[in-house]
1. Listed residues B:Lys181, B:Lys191, B:Lys147; which is open to solvent by 80 Å² or more (accessible area, probe 1.4 Å), touching a residue at least 40 places away in the same chain (Cβ under 8 Å) and not in a helix (DSSP H, G or I)?
2. Among strands (runs of 3 or more DSSP E) lying entirely in segment C:301-389, which contain 2 or more residues that are of a type in the set (Ser, Thr, Tyr) and modelled with pLDDT of 95 or more?
3. Out of the residues in segment C:18-34 meeting the condition of being more than 14 Å from chain D (Cβ to nearest Cβ) and under 14 Å from C:Tyr144 (Cβ atoms), tell me which one is least open to solvent (accessible area, probe 1.4 Å).
4. Pick from segment D:76-92 the residues that are facing another protein chain (nearest Cβ under 7 Å) and not aliphatic (A, V, I, L, M): which of them is farthest from C:His209 (Cα to Cα)?
5. Can you pull out the residues in segment C:228-239 that are open to solvent by 20 Å² or more (accessible area, probe 1.4 Å) and either away from every other protein chain (no Cβ under 12 Å) or outside any helix (DSSP H, G or I) (or both)?
6. Which of the following residues is more than 9 Å from chain C (Cβ to nearest Cβ) and either hydroxyl-bearing (Ser, Thr, Tyr) or in contact with a Ser or Thr (Cβ under 6 Å, 6 or more places away or on another chain) (or both): D:Asp109, D:Asp100?
7. Kindly check whether there is at least one residue in segment C:149-156 that is in contact with a Leu (Cβ under 7 Å, 6 or more places away or on another chain), under 22 Å from C:Gly192 (Cβ atoms), assigned to a strand (DSSP E or B) and in the same structural domain as C:Asn202 (by TED's automatic domain parsing).
Amino acid sequence: MAEKLLKWDEVLIGATIKDPGNSKNYETGSWRVERPVWNPDTCIQCMFCWVYCPDSSILVDENGKMAGIDYDHCKGCGICVEQCPSKPKSLQMVLEAQAKGKTVEELRKEVFSK
Amino acid sequence: MSKKMDIRWHGRAGQGAVTAAKTLAELISQEEGIYAQGFAVYGAEKRGAPVVAFTRVNDKPIRDHSEYMEPDIVLILDPTLMGLIDVKEGLKKDGKVIVNTAFDKEEVIKELGLEGYEVYVVDANKISIETLGRAIPNTPMIGALAKVTGLFSKEEVSKGVVELLEEAGKFPEKIIEGNRKAIETAYEEVK
Amino acid sequence: MGKKVALTGNEAAAHAMRQINPDVIAAFPITPSTPVPQAVAQFIADGEMDTELVTVESEHSAMSACIGAAAAGARVMTATSANGYALMWEMLYIASGMRLPIVMAVAARALSAPLNIHGDHSDIMGGRDTGWIQLISENSQEAYDNLIQAIKIAENEKVITPALAAFDGFNVSHAIEIWELEDDAAVKEFIGKYEAKFPLLNTDDPITHGAWAPPDWYFEHKMNQLKGLLNAKDVVTQVGKDFGKAFGREYGLYEAYKLDDADFVVVAAGSVCGTTKDVVDNLRENGVKAGLLKIRLFRPFPFKDIADALQSAKAIAVLDRVSPSGAQGGPLFNEIRSALYDTDTRAPVINYTYGLGGRDTQPRHINSVYETLKKIVDTGKVEKQFDCLNLRGAWG
Amino acid sequence: MALLNDLAKKKEGLVSGHRLCPGCTHSVIARQVFAAAETDKYDIVVAAATGCFEVSTGLYPYTSWNVPWIHTAFENAASTISGVEAAYKALKKKGKVKKDIRFIAFASDGGTYDIGLQALSGAIERGHQFLYICNDNNAYQNTGNQRSSATPFGGSTTTSPNGKVKFGKEQPRKDIVSVLEGHHMEYIAQASPSNWRDLMNKVKKALDVDGPTYINVIEPCTTGWGFPSNKAIEIAQLAVDTCVWPLYEVIKGKVVINYKPKKKLPVEEYLKPQRRFAHLFKKGNEYLIEEFQKQVDRHWEWLLKREECGISYFED
């Protein structure tokens, strides 16, 4: 989202920010070179990916369970894959180029059917 | 009579010269139409070093903040200072000197070369030891000053200091009474 | 009704703090302002105020804690001098940049080296561009009055900028003077209640204080901040009038002393102004048209008002209690010369440095300044644009 | 400790969209801290020192903070939070603030071991309620990996580089926990984000103390230390398993070691994957690794002995 550049007499005094957590509007997903792909079929819901994710990019459902990946913010560090304890791993990294134009479902099939 | 007068206090750090200058200013602040300013020259003196304090008295608000003074009155709180300081420095021609001493006036005049000045002596150490149990010469010297300058009557000055001590709220009755006696005695005995 | 008291400038500042009873004071002792936090601690120990006193381990932490407390939503004050003020320097910019209306008493003092504990304006002048409102006091009464007014000025909705009220170290901080201490209740009523604009402690509405601004934003924020500082000028005038109504002592941006028809004018700030007034009276008795313009508000500098007030002058001497440090003259001199540049009557302006490190400035020194001004007018020539008062050896 | 599923349902104190490097553990630590905080009992207000974490999470006009947050400068997170806490006491007393609030300061080793040590010491001595979390990434990473007093022996940084005649930092790192122990505070601990359960336990305990507490957390820095972004947690785990970074508490002066590796790994295991130690593995530098191992062993033995003696500053 392009931020609106306010004039000097429009900004809040003291460079105060009144909108908590508004950095969600800044999408760091574009930084990614690789992306994690999740396989719910083998996932054991240990939530290690969640507790170790630097970018709060593990989506959580109302039961507190892993529900996917927030690709708007995931920077593709790969910690989730590295720390995933299930056998086989329920998360795999793929190049962004490989993911281009594919839905999450399509990509998942491609990665985990091997 | 104009109430304008400049006063210099000589003592040693810890003897209460600054407190005396402050007390005098406080006494004056209770009166209408008279103003005072008190200050000291600060170095890095620790207890025992010679200190100088000043009081300006005027019937107009005092605006001058310089330290320079040609005193009308010099008070010497510590007799042992007499050989060490130049009592006469800047003292006006008709200036007065009040000395805390056990010696006679004539001896003091001779010792300090104060011929031609109005010199007064009072044994403030003896008075404070008798009334307060300790040599704290500053309050008796205020009594002597009141007498010599005519700024306050005996009753005014002793009542004034007693009220200040009471207001401070940290002195026992005995000390307050001792101070009253010290002031009144010095008022009477200064000569 | 107020009552006459005989107290020092530091005690005046401490009594103002007692009556203001801010939520938080964070302070570190430094000569000559040390008696201020001491007196505050005693007032608290005696139950006469209920401020949270944070006895920090340095002035840097004093200002940091003040900033934290002010951002949290508290009314906050502190006091310092000299090296302590210098140690705060980084945080002074942060306080003003974050728009926190902290109020500080400064017993102005020389900066090391060599070490010197006595009065001059090295500290406040060194910090003149930190974005704080700066009020300079002549005596204890003004130290007290200015500190109370500073609260209202700093907290004004259009301003919301920190303010300091300075008074000269020792000349005022340690001098016992007779002045009017107003009623506690009257002071409380005058300053009113304080509501912070963006209190950090309102956890229902989480605020981010102190974000960093990249080049896209920093400039706008700094100019927004400047506007707040500039707005202080009118607020200072209004608060000075209100103070006059409440307590009988009215204040303006500056004080004009026998200035209307003055040919020879001294411009100065601080306790030397009292000494100068005595000299002016004396000269006037002898038929010399001497006058004084006493600076009260130094930041924001009311240049237009001051230039207007100097229109009658035939020659002007500006007294700076700080070394020019390589500039064309002292900071006050530069402001005055700059202010006059846009006016038709550009009287010659000369500059003196005086009183460094507590050097005594006596009536005879001020007298010599007026004599020099008279000579300039008589001869039409300025021999020395810059000189010193009471310095051993001829300067230059 | 609640299950991660329960914790994952909580509102996060720190959100995404911050500008930390991929694989940076600053945010991992903060997320674990917020997960541990019992926010049903109290609200949290945070102060931050200047550093990577601060510049990445508070870049105007964005903030990644869902809680009240203040940053003022590099060296003064502790004095800033002490002002906030003093204001809290004052305003609570006057009824202007009604909620219970706990205070947390985040700083890195630069702002803690070095430039911020005085402010931290002062704030602890004054007894303000705050949990100070030092995300220790062993150097001034925000300005580009300059040495700090937390940089380990032999570590190559941009101001203690490995060169033709020098081998990186020549001094051992400062033992900050021991420095702070002299303040006789109630709770000090050392933790690692790899051991999240342990870290969360410590945060919960610390926030229960009505006074200053401190947790030193290892914060592996992918950029400064030189390892792939996906290895951050693994590196932290290796620091724990080699006893380079012992997990322990100092509770009222009494040492409690929380994790004793069954098989204490040699320090090479920790050093090897990191570029900053690469030069130690050159031929002829074996003595440097030996020295490193010796320093680690000595500290570990000393901790074990202290735990054994079990002396406390306070009466229990």
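1. After applying the criteria, what remains is B:Lys191.
2. Ranges flagged: C:349-353.
3. Per the stated criteria, the residue is C:Gln19.
4. Going through the qualifying residues, I end up with D:Lys89.
5. Of everything in segment C:228-239, those that are open to solvent by 20 Å² or more (accessible area, probe 1.4 Å) and either away from every other protein chain (no Cβ under 12 Å) or outside any helix (DSSP H, G or I) (or both) turn out to be C:Leu230, C:Lys233, C:Asp234, C:Thr237, C:Gln238.
6. D:Asp109
7. No - not one qualifying residue is present in segment C:149-156.
Residues are listed down the side, and each one gets a yes or a no for (1) of a type in the set (S, T, N, Q); (2) under 30 Å from A:Glu10 (Cα atoms); (3) buried (at least 23 other Cβ atoms within 10 Å of the Cβ):
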residue: D:His18; (1), (2), (3): no, yes, yes
residue: D:Gly23; (1), (2), (3): no, no, yes
residue: D:Asp40; (1), (2), (3): no, no, no
residue: D:Thr57; (1), (2), (3): yes, yes, yes
residue: D:Pro68; (1), (2), (3): no, yes, yes
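The values are calculated or read from the model by the stated rules, or taken from the named source; none is laboratory data. Predicted model, so just to flag it, every value in this text is computed and none were measured. Note: ideal-geometry Cβ built from the backbone for every residue, glycine included; neighbour counts use all protein chains shown. Side chains are part of the model used for accessible areas, which takes the heavy atoms of the whole protein and leaves out ligands, DNA and RNA. Shrake-Rupley method; radii C 1.70, N 1.55, O 1.52, S 1.80 Å.
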